[in-house]
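K.L.:
Pasting in a structure now, in structure tokens, and then I'll have a few things to ask.
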Amino acid sequence: MADILFVLTGSDVWTLNDGTKHPTGFWAEEAVVPYQALTAAGHRVAVATPGGVVPVADRASLTDPAVVEALEAIEEFRRPLVLAETDPADYDAVFYPGGHGPMEDLAVDADSGRLLTAALASGRPLGVVCHGPAALLAARTEDGGSPFAGYRLTGFTNAEETQAGLADRAPWLLQDRLVALGADFQEGEPWAPHSVVDRNLVTGQNPASSALVAAELLKLLQA
């Protein structure tokens, strides 16, 4: 039985380039599906957020009654740990779901950046899906570079952001930023399941990829 840390956004808005506060949060499916897969395999999950605030699910992700019912049953989401007080060494794996929330807070959160840097260096499984890779932007090596430079990875693409109708209002696009930090971005078909595994890093492109990421994390935990 492994202990797995889920790191969720603490933001319920995303500030667009005109200053508008777009309601958001974490994407329910991207948290619920991996939680169910990992706990069904006998693993334990803890949740952490910046400041220990109770995370909010993006309302747009609450259209499936089964997802809503499952989310309401996950007690850990209602009593998160404080991210700054969380040590990745206490866990066997770390997982970041998406939603636009991470674009607002985790992308610039130094505590999250340190946790990601340590998790990657530990060799333990690290899973990140959809907009979750925005958190990678806050990770830094001692020389100021990105520990994720040179890694093959994926995340929510420019094409998907455009099709979702927010690309022209976004202050920046995730794919562009990940390429700029030196990652080898692997783009799949819009909205289709797509995951990339490079060493201990598992990334998924979009909500439909959350089950793939969970499956790959389970493989690494069993290795």
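K.L.:
Once you have the alpha carbon radius of gyration of segment 1-131, what is it after dividing by 2.2 N^0.38 Å, with N set to its residue count?
P.N.:
Normalised by 2.2 N^0.38 Å, the Cα Rg of segment 1-131 equals 1.00.
K.L.:
How many angstrom lie between the C-alpha centres of segment 98-163 and segment 13-46?
P.N.:
14
K.L.:
Report in % the part of the accessible area of segment 146-223 that belongs to carbon and sulfur, leaving out ligands and nucleic acids; probe 1.4 Å.
P.N.:
The nonpolar share, carbon plus sulfur, comes to 50 percent.
K.L.:
If you consider only alpha-carbon coordinates, what radius of gyration and Dmax does segment 1-52 have, in Å?
P.N.:
For segment 1-52, the Cα-based Rg and Dmax read 14.3, 47 Å.
K.L.:
With every protein chain present, what is the per residue accessible area of segment 26-170 (1.4 Å probe, Å²)?
P.N.:
For segment 26-170, the per-residue accessible area is 41 Å².
K.L.:
Give, as a single signed number, the net charge of other residues whose beta carbon lies under 13 Å from the beta carbon of Pro147, with Lys and Arg counted +1 and Asp and Glu -1.
P.N.:
Overall, the nearby charge balance is 0.
K.L.:
Moving on to the next point. Compute the distribution of all C-alpha to C-alpha distances in segment 91-132, in bins of 10 Å from 0, and list the percent of pairs in each, rounded to whole numbers.
P.N.:
P(r) over segment 91-132, rounded to whole percents: 29, 56, 15.
K.L.:
Using alpha-carbon pairs under 8 Å, 6+ residues apart, how would you state the relative contact order of segment 42-100 in percent?
P.N.:
Once normalised by length, the contact order is 49 percent.
K.L.:
Another one. Kirkwood Rh, Cα Rg: Rg to Rh for segment 115-191?
P.N.:
Using only Cα positions, Rg/Rh for segment 115-191 is 0.98.
K.L.:
Beyond 16 Å, how much of the Cα-Cα pair distribution for segment 46-89 remains, as a whole percent?
P.N.:
Summing the P(r) of segment 46-89 above 16 Å gives 45 percent of all pairs.
K.L.:
Moving on to the next point. How large is the Kirkwood hydrodynamic radius of the chain, in angstrom, based on all distinct alpha carbon pairs?
P.N.:
The answer is 16.9 Å.
The values are calculated or read from the model by the stated rules, or taken from the named source; none is laboratory data. Here the structure is a predicted model, which is why all the values come from computation and not from measurement. With ideal geometry, Cβ positions are generated from the backbone for all residues, glycine too; neighbour counts draw on all protein chains shown. These area figures cover heavy atoms from the full protein model, side chains too; ligands, DNA and RNA do not enter into them. Shrake-Rupley method; radii C 1.70, N 1.55, O 1.52, S 1.80 Å.
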